[in-house]
Amino acid sequence: QVQLVESGGGLVQAGESLRLSCAASGSILSINAMGWYRQAPGKQRELVASISSGGSTNYAGSVKGRFTISRDNAKNTVDLQMNSLKPEDTAVYYCNADISRQFMSGRHMIYWGQGTQVTVSS
């Protein structure tokens with residue numbers, strides 16, 4: 001079994017910062033790409049940022065320059081540092097990871113966390 005658990009969400013005012021963390025646990029052989037998605041009420045879930053196993057990053061245009069994604073391969077964690085938060089950043093944020101399982105050579109699956117609420121007031 002594999003699970004992803006997010007933490008760090010909360011309520012902040014516009015212009016403030018928040019740091020989200022996600023920890024993967026279970027029978028993990030390796031983790032390929034990891035990322036953060038978000039979904040606001042009435043909108044589709046969208047990619048916020050992603051990071052490859054080698055550290056290459058990709059960001060949605062709306063968060064470039066404000067958010068930073070990072071990972072610790074030794075701890076199987078991925079973080080999202082969110083600075084200069086705006087009300088439009090309000091959403092449920094989900095951790096995502098492409099994981100290869102132990103004892104399942106050549107196989108990989110996409111896993112999702114349960115989500116953590118981020119609310120930015122104006």
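The values are calculated or read from the model by the stated rules, or taken from the named source; none is laboratory data. As the structure is a prediction and not an experimental result, all values here were calculated from the model. Neighbour counts run over all protein chains shown; Cβ positions are idealised from the backbone, glycine included. Heavy atoms of the whole protein, side chains included, go into the accessibility calculation; ligands, DNA and RNA do not. Shrake-Rupley method; radii C 1.70, N 1.55, O 1.52, S 1.80 Å.
Considering every residue within the stretch 87-102, establish whether at least one is touching an Asp or Glu at 6+ places or on another chain (Cβ under 8 Å) and farther than 26 Å from I28 by Cβ.
The answer is no, given that none of the residues of the stretch 87-102 is touching an Asp or Glu at 6+ places or on another chain (Cβ under 8 Å) and farther than 26 Å from I28 by Cβ.
When you look at G55, is it of a type in the set (G, A, S), under 16 Å from T116 (Cα atoms) and open to solvent by less than 50 Å² (accessible area, probe 1.4 Å), yes or no?
No: the conditions fail for G55.
R45: under 12 Å from G115 (Cβ atoms), charged (D, E, K, R) and surrounded by 12 or more Cβ atoms within 10 Å (Cβ to Cβ), yes or no?
When the stated conditions are applied, R45 passes them.
This table checks each residue for (1) basic (K, R); (2) in contact (Cβ under 8 Å) with a residue 60 or more places away in the chain; (3) out of contact with any Gly (no Cβ under 8 Å at 6 or more places or on another chain); (4) closer than 15 Å to V5 by Cβ.
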residue: A23; (1), (2), (3), (4): no, no, yes, yes
residue: P41; (1), (2), (3), (4): no, no, yes, no
residue: A49; (1), (2), (3), (4): no, no, no, no
residue: S56; (1), (2), (3), (4): no, no, yes, no
residue: R66; (1), (2), (3), (4): yes, no, yes, no
residue: R107; (1), (2), (3), (4): yes, no, yes, no
residue: I110; (1), (2), (3), (4): no, no, yes, no
residue: Q117; (1), (2), (3), (4): no, yes, no, yes
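Scan the stretch 8-31 for residues that are in contact with a Ser or Thr (Cβ under 7 Å, 6 or more places away or on another chain), within 12 Å of V78 (Cβ to Cβ) and open to solvent by 30 Å² or more (accessible area, probe 1.4 Å) and jot them down.
G8, S21, A23
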